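What follows is a single structure, written as structure tokens, with notes after it.
The values are calculated or read from the model by the stated rules, or taken from the named source; none is laboratory data. Only a predicted model underlies this, so the values are computations on that prediction, with no experimental measurement involved. With ideal geometry, Cβ positions are generated from the backbone for all residues, glycine too; neighbour counts draw on all protein chains shown.
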Amino acid sequence: MMNSLRQLVESAARNFPDKTFCIFYDENRPQQITYREFESWTSRAGNLFLNLGVQKGDKVALLLQNSLEYLYCWFGLAKIGALMVPINYSFLAAETEYILNHSESKVLVSDSSKVQQVNEIRHRCPSLQKIGVVQRSDPSLDFCLHSDLEKYPSDLRAMDIQVNDEASILYTSGTTAEPKGCVVDQEYYLLIGQTYVEKMESTGATTVLTSLPLFHMNAQTTSVIGVLLAGATLVLLDRFHPATWWNTIRRFKPTFFHYLGVIPAILWSLPNSPNDGDQPARLAEGAGIPPEIHEGFEKRFNVNMVELYGSTEGGAGAIFWCPLKGDRKVGTRCFGRPAERTLARIVDDEDRDVPVGATGELLVRSADPQRPRRGMMQYYFKNPKATEEAWKGGWFHTGDYVKRDHEGFYYFIDRKKDIIRRSGENISASEIEGVLNSHPKIASSAAIAVPDPLRIEEIKIYVVLARGENPQTVPPEEIFRWCKDHLSYFKVPRYLEYRESLPRTSTEKIQKHVLKKERPDLIQGSFDRQKMEKG
């Protein structure tokens, strides 16, 4: 195995110098680079960051959409041993500010459309020393990738970078209002990518297409690292374009593509076409396809949707995979068997193993007996208490309820954590509640997930108004507008129900399980933001 991400890039450039590594496509004109060019640009980026004063162990935040520049920055940082801190591009200023300050990022790379947001928070981020953009848009910023990268040499001095050196802080929504930073090392990327290549049987003839964002670990580890390890070709889209998706597939002819549950749900909802099944990709890999459309989707579009399980924290120690062929348990929420680098248990609330067929929490760890966290999150940044709780007993507690059958297949049941999974995004219910409770006319609130055929889950909020207020003085429009002003668009609730009170325990904890079981249809009788906006 490679001993660093730098060695991975350099080895690929030697072995496949003139082969196309990546085609970036934003529905305008494709940009294409070879493996040799990628090695050159990433070394130039490494030299740029060194000149900015970035040293091994420093943190550099990336607030970028999918692009070749994202890849240059990521691997330029990896080559010099600095840590990448990806920021969700949809974040509002306060969310971005929190990540920058919590991670103690020294440098931020953004693009022109985020300059106003960056300038708004810059003075409140004391660790931030330099800010740059992809294209020059503000002379007050410190550097511009497009013009500055060319000034630096493509030769990068040798540095002592090893697989156990920290590579990134990946922020993920947890059960608390603030996201937690998962510190991962370079081996994390290499082992996930290696597992991916093995399971998908990737070779140099493979072409992989993804529209998933590079600020999430899925596109980083499976798409990019997997392609580099196999010497394959990556087609990287700027984002998911439903209307032109199948034409893009036909244009670039990928061997397979990546998805999250919202992608097949949206494609399924499009009008039927006689040529729906006339497309070259015979496989797709991802997670969360709605079970009720799984079989129909495969028949309509002539593609096998291979389900897996993974998580940011779990990395290579929490990979489950359905077989590419044979019995995939289509439509059952089955996510396969543990990969070779994964050990798994299903336990009750006391961490006691449950029998086959019983539901319990999924615990995982690396199959390496000497290194239980190998290829996994090492710890939560500046949060030893959360780290200790997550790794209790030497096993990572996923917070997911699952079951296992007699053939060793695992099935997803529900989430133990207070997380809402909407359109592939993990959303903290407590973050939404914190925003609602900060409204001067709201006394308390609760946010839960409700089923949705398109988004997999939607967000419903229960609101108890302050004394003296009522739905006429605090109408739904005001509450939804408050959420829009304080939350990223994908975190804004869709459904609202007013309540006189919320069910609570003797210690005043809201009993969300009671809310979820109040009636079969939790949406009925709720205010629907989407319908209200359509008029």
- Message: Condition first: at pLDDT below 95, out of contact with any strand residue (DSSP E or B) (no Cβ under 6 Å at 6 or more places or on another chain) and farther than 18 Å from Val109 by Cβ. Can you find one or more residues in the stretch 12-26 that meet it?
- Response: yes
- Query: Of the residues that make up the stretch 426-436, is at least one surrounded by 15 or more Cβ atoms within 10 Å (Cβ to Cβ), closer than 25 Å to Tyr189 by Cβ and in contact (Cβ under 8 Å) with a residue 60 or more places away in the chain?
  - Reply: yes
- All conditions in (1) over 28 Å from Asp485 (Cα atoms); (2) crowded, with 18+ Cβ neighbours inside 10 Å; (3) without any contact (Cβ under 8 Å) to a residue 40 or more places away in the chain are true of Gln55 except (2)
- Note on the structure: If we ask which residues in the stretch 437-456 are of a type outside the set (Gly, Ala, Ser), part of a strand (DSSP E or B) and either without any contact (Cβ under 8 Å) to a residue 40 or more places away in the chain or in contact with an Asp or Glu (Cβ under 8 Å, 6 or more places away or on another chain) (or both), their number turns out to be 4
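Within the group Gly288, Gly331, which residue is on the phi > 0 side of the Ramachandran plot and either among the charged types (D, E, K, R) or touching a Leu at 6+ places or on another chain (Cβ under 7 Å) (or both)?
Numbers: Gly331 fails: either among the charged types (D, E, K, R) or touching a Leu at 6+ places or on another chain (Cβ under 7 Å) (or both).
Among Gly288, Gly331, only Gly288 is on the phi > 0 side of the Ramachandran plot and either among the charged types (D, E, K, R) or touching a Leu at 6+ places or on another chain (Cβ under 7 Å) (or both).
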- Message: Given the criteria in a loop (DSSP other than H, G, I, E, B) and free of Cβ contacts under 8 Å to residues at least 40 places away in the same chain, does Arg122 qualify?
- Response: no
- Query: Where residues in the stretch 517-535 are at pLDDT 90 or above and among the basic types (Lys, Arg), which of them is nearest to Ala443 (Cα to Cα)?
  - Reply: Arg529
- Within the stretch 367-406, restricting to residues that are part of a loop (DSSP other than H, G, I, E, B) and among the polar types (S, T, N, Q), the one that is surrounded by the most Cβ atoms within 10 Å (Cβ to Cβ) is Gln378
- Write out, first by first residue and then by second, each pair whose Cβ atoms fall under 8 Å of each other, whose residues are 6+ apart or on separate chains, and whose first residue, in the stretch 202-228, is in a helix (DSSP H, G or I) while the second is buried (at least 22 other Cβ atoms within 10 Å of the Cβ) and of a type in the set (D, E, K, R). Thr222/Glu285
- Scope the stretch 492-516; condition within 30 Å of Glu97 (Cα to Cα) and modelled with pLDDT of 95 or more; matching residues: Val492, Pro493, Arg494, Tyr495, Leu496
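When only residues in the stretch 487-519 that are among the basic types (Lys, Arg) and surrounded by 14 or more Cβ atoms within 10 Å (Cβ to Cβ) count, which is nearest to the chain's Cα centre (by Cα)? Walk me through it before giving the result.
Going residue by residue through the stretch 487-519, those that are among the basic types (Lys, Arg) are 491, 494, 499, 504, 509, 512, 516-517, 519.
Then drop every residue that is not surrounded by 14 or more Cβ atoms within 10 Å (Cβ to Cβ), which leaves 491, 494, 499, 512, 516.
Values: Lys491: 14, Arg494: 22, Arg499: 34, Lys512: 26, Lys516: 26 Å.
Only one residue fits best here, namely Lys491.
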- Answer residue from the stretch 11-32, given it is crowded, with 17+ Cβ neighbours inside 10 Å and in contact with a Phe, Trp or Tyr (Cβ under 6 Å, 6 or more places away or on another chain) and is nearest to Leu209 (Cα to Cα) among those: Phe21
- Pairs where the first residue, in the stretch 89-102, is surrounded by fewer than 18 Cβ atoms within 10 Å (Cβ to Cβ) and the second is of a type in the set (Phe, Trp, Tyr), C-beta under 8 Å, 6+ apart: Ser90/Tyr489; Ser90/Phe490
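When residues of the stretch 230-274 are filtered for being β-branched (Val, Ile, Thr) and closer than 26 Å to Thr20 by Cα, how many remain? Steps first, please.
From the stretch 230-274, those β-branched (Val, Ile, Thr) are 233, 235, 244, 248-249, 255, 262-263, 266; that's our starting set.
Checking which are closer than 26 Å to Thr20 by Cα leaves us with 233, 235, 244, 248-249, 255.
Residues meeting the conditions: 6.
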- Hey, Phe252 modelled with pLDDT of 95 or more, hydrophobic (A, V, I, L, M, F, W, C) and within 18 Å of the chain's Cα centre (by Cα) or not: no
- Query: When the stretch 237-259 is examined, which residues are found to be of a type outside the set (Asp, Glu), farther than 15 Å from Val303 by Cβ and assigned to a loop (DSSP other than H, G, I, E, B)?
  - Reply: Arg239, Phe240, His241
